[in-house]
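This report concerns only the one structure given below.
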Amino acid sequence: MSVYVGVDIGGTKTRLALVSGEGRILAEKTFLPEGVGQVEVYISRLQEEIRSLLQKGRVSMEALEGVGVGCAGQISQDGRTIRFSPNLGWRDVPLADMLEARLGRPVVVENDVRAAALGEAVFGSGRGVGDMICLFVGTGVGSGILIGGHLLRGEGNLAGEVGHTKLDPEGPPCTCGGRGCLEVYVGGAHVRRRIREEILKGVETSLARVDPLHVRAVEEWARRGDPLAGRYWREIVWALGMGAANLVTLLNPRLLILGGGVVEASPVLVQHVRDAVSRWVTMLSRDRVEVVRAQLGPRAGAVGASQLPRPKATRGPSVWEDS
């Protein structure tokens, strides 16, 4: 039996998934790496955890066909090097070469959001659909796009950076250096920062007593009539709806999948996006698209990454039949 390993490198923890050649998830595990800023130390630990995962799944190293790695940040076009990962503080890390040297198996690296989109396409809400957008809203905002069953990567391997599309060029500042990005209005980290800034200025709100402050609390206090929470919740609904509607108009997908921590905490956002699509998207695109919630949750990145090293002809039929 041939197997593949998927790795999802997060800022605080790493998830792994062992998947058979037939597409069955055989084993999963999570570990909390120490000293993730020390690349050599982390890679050595990752190698040990992959071997442990194989033992957990009761398969040998000889059965391992390849390893796929999803990581937040900018990835080289050839899927070998992490050019820059702000979450990890890594620059120009040849991750594929380093891991291959330790495992003796092929390794492919991809942006974490694209890996998660692939997970939803093969194992989750997108099974059987070749044209789809996965829009993930969490600490930040990102998307993975499949057209004709193929991941859209772009000339510089940066396609899908929807979080930094502009809704208002005079809007609040973003960490990217621009202003009015979609991520500023709906990303969890930005919403928390902006609300705290208003609290420090003396704005009265029940959100001042919420710790940790999260988007779910904004939704709850908006329903209770808190003025500041209401203003921010209306802004979240408007911005996410506008960003999603623009994506649908531009790419004409069959499916729009919404996921990420913010959507998981406030699933009512899925219906708000449906409403926005029905109002703001061109007629033919609007009539063809279905807006659904992601199914895999935090597992999406690891199980999706497991599909990266697979030859196209042998990848799960759910994505590749129509390509």
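The values are calculated or read from the model by the stated rules, or taken from the named source; none is laboratory data. Here the structure is a predicted model, which is why all the values come from computation and not from measurement. Backbone-built Cβ (ideal geometry, glycine too); neighbour counts: all protein chains shown.
Taking the range 41-97 as the range and being surrounded by fewer than 16 Cβ atoms within 10 Å (Cβ to Cβ), within 25 Å of residue 20 (Cβ to Cβ) and touching an Asp or Glu at 6+ places or on another chain (Cβ under 9 Å) as the test, only 56 passes.
Listed by first and then second residue, the pairs with beta-carbon distance under 6 Å, at least 6 apart or on different chains, first residue in the range 148-162 and touching a residue at least 12 places away in the same chain (Cβ under 8 Å), second outside any loop (DSSP other than H, G, I, E, B), are 149/319; 149/320; 151/114; 157/75; 160/143; 160/144; 160/145; 162/143. The set of residues in the range 133-152 that are surrounded by 18 or more Cβ atoms within 10 Å (Cβ to Cβ) and more than 14 Å from the chain's Cα centre (by Cα) contains only 149. Counting only residues that are buried (at least 22 other Cβ atoms within 10 Å of the Cβ) and among the small types (Gly, Ala, Ser), which one in the range 234-263 is farthest from residue 292 (Cα to Cα)? Among those residues, the one meeting the criterion is 239.
Tell me, yes or no, whether the range 66-87 has at least one residue that is assigned to a helix (DSSP H, G or I) and at negative phi. If you could, list the steps in order and put the result at the bottom.
Looking only at the range 66-87, we keep the residues that are assigned to a helix (DSSP H, G or I), and these are none.
For the range 66-87, residues assigned to a helix (DSSP H, G or I) and at negative phi: absent.
Of everything listed in (1) closer than 30 Å to residue 117 by Cβ; (2) at pLDDT 95 or above, the single unmet condition for residue 208 is (1). When we screen 130, 144, 177, 171 for residues that are in a loop (DSSP other than H, G, I, E, B) and in contact with a Leu (Cβ under 8 Å, 6 or more places away or on another chain), the only hit is 130. Would you check if there is a residue in the range 231-249 being in a helix (DSSP H, G or I), in contact with a helix residue (DSSP H, G or I) (Cβ under 6 Å, 6 or more places away or on another chain), more than 30 Å from residue 130 (Cβ to Cβ) and among the basic types (Lys, Arg)? Looking for residues that are in a helix (DSSP H, G or I), in contact with a helix residue (DSSP H, G or I) (Cβ under 6 Å, 6 or more places away or on another chain), more than 30 Å from residue 130 (Cβ to Cβ) and among the basic types (Lys, Arg), one finds none in the range 231-249, hence no.
Quick check: anything in the range 1-8 assigned to a strand (DSSP E or B), modelled with pLDDT of 95 or more and either of a type in the set (Lys, Arg) or loosely packed, with under 14 Cβ neighbours inside 10 Å (or both)? The answer is no, given that none of the residues of the range 1-8 is assigned to a strand (DSSP E or B), modelled with pLDDT of 95 or more and either of a type in the set (Lys, Arg) or loosely packed, with under 14 Cβ neighbours inside 10 Å (or both).
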